[in-house]
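Novice: Below is one structure. I have some questions about it.
The values are calculated or read from the model by the stated rules, or taken from the named source; none is laboratory data. This structure is a prediction, so every number in the text was calculated from the model and none was measured. Quick reminder, even Gly has a Cβ in these numbers, built from the backbone with ideal geometry, and neighbours come from all protein chains shown.
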Amino acid sequence: MARTTRGGRRRGRPTASGGNGSAANLLLSQVTELVAENQSLVRENKALHSILTRVSQAVEGVRAVPVVSRGTTAPPQTRKVRRRRKITDPASLERRRAALAKARQVLAERRASKTAG
C-alpha cells in the first residue's frame with residue numbers, strides 16, 4: 001500500500017515566506033537583547049572582581065602592619081610564624097589520636113554533667 005500525504009502539512013524547515021516570520025523576528029530580537037545584556041553583565045562582573053581584588057590586597061596590607069600602642073616609640077616587631085612539621089611517625093600519630101579522643105570524651109562528660117546537674 002502506497003503512502004499518501006495528508007492535508008498539505010510539510011515536515012522540515014519552514015519556507016522563508018512562511019507565516020511565522022514575525023515570531024522568528026521576535027525570537028531573534030529577544031536573543032539579541034539577552035546577548036547584549038549578558039555582555040554588559042560580564043563587563044560589570046569584571047569591574048566588580050577588580051574592585052574586590054584591590055580591596056582584598058588593601059586588607060592584606062593592613063593585616064600585615066603590626067599594631068603599635070600609642071605610648072611606645074619602639075619600632076614595630078614582626079612576629080615569626082612558626083610552621084609545625086607534619087607528623088609522619090605512625091606511633092606518634094596513634095598516641096596523638098588517642099589523646100585527642102580522651103580529651104573529647106572528658107569534654108563530653110563535663111558537658112553532660114553540667115546539663116544534668
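Novice: Name the residues in the stretch 2-31 that are surrounded by fewer than 10 Cβ atoms within 10 Å (Cβ to Cβ) and at pLDDT 85 or above, would you?
Specialist: The answer is Ser22, and nothing else.
Novice: Does Leu34 qualify as being modelled with pLDDT under 95 and not in a loop (DSSP other than H, G, I, E, B)?
Specialist: Numbers: modelled with pLDDT under 95: no; not in a loop (DSSP other than H, G, I, E, B): yes.
Here the answer is no, as Leu34 does not meet what is asked.
Novice: Select from the stretch 73-100 the residues that are surrounded by 10 or more Cβ atoms within 10 Å (Cβ to Cβ) and over 33 Å from the mean Cα position of the chain (by Cα) and list them in ascending order.
Specialist: Applying the first criterion (surrounded by 10 or more Cβ atoms within 10 Å (Cβ to Cβ)) to the stretch 73-100 yields 76, 87, 92-100.
Passing the criteria: Pro76, Ser92, Leu93, Glu94, Arg95, Arg96, Ala98, Ala99.
Novice: Residues to consider are Ala64, Ala108, Ala98; find the one that is of a type in the set (Gly, Ala, Ser) and at pLDDT below 90.
Specialist: Details: Ala108 fails: at pLDDT below 90; Ala98 fails: at pLDDT below 90.
Criteria check complete, one pass: Ala64.
Novice: Right, another one. Answer yes if at least one residue in the stretch 69-86 is at pLDDT 85 or above and hydroxyl-bearing (Ser, Thr, Tyr), and no otherwise.
Specialist: Within the stretch 69-86, none of the residues are at pLDDT 85 or above and hydroxyl-bearing (Ser, Thr, Tyr).
Novice: OK, next. What are the residue pairs meeting all of these: first residue in the stretch 76-99, first residue free of Cβ contacts under 8 Å to residues at least 12 places away in the same chain, second residue in a loop (DSSP other than H, G, I, E, B), Cβ atoms under 7 Å, and 6 or more apart or on different chains?
Specialist: Pro76/Pro66; Pro76/Val68; Gln77/Pro66; Leu93/Ile87; Arg96/Ile87
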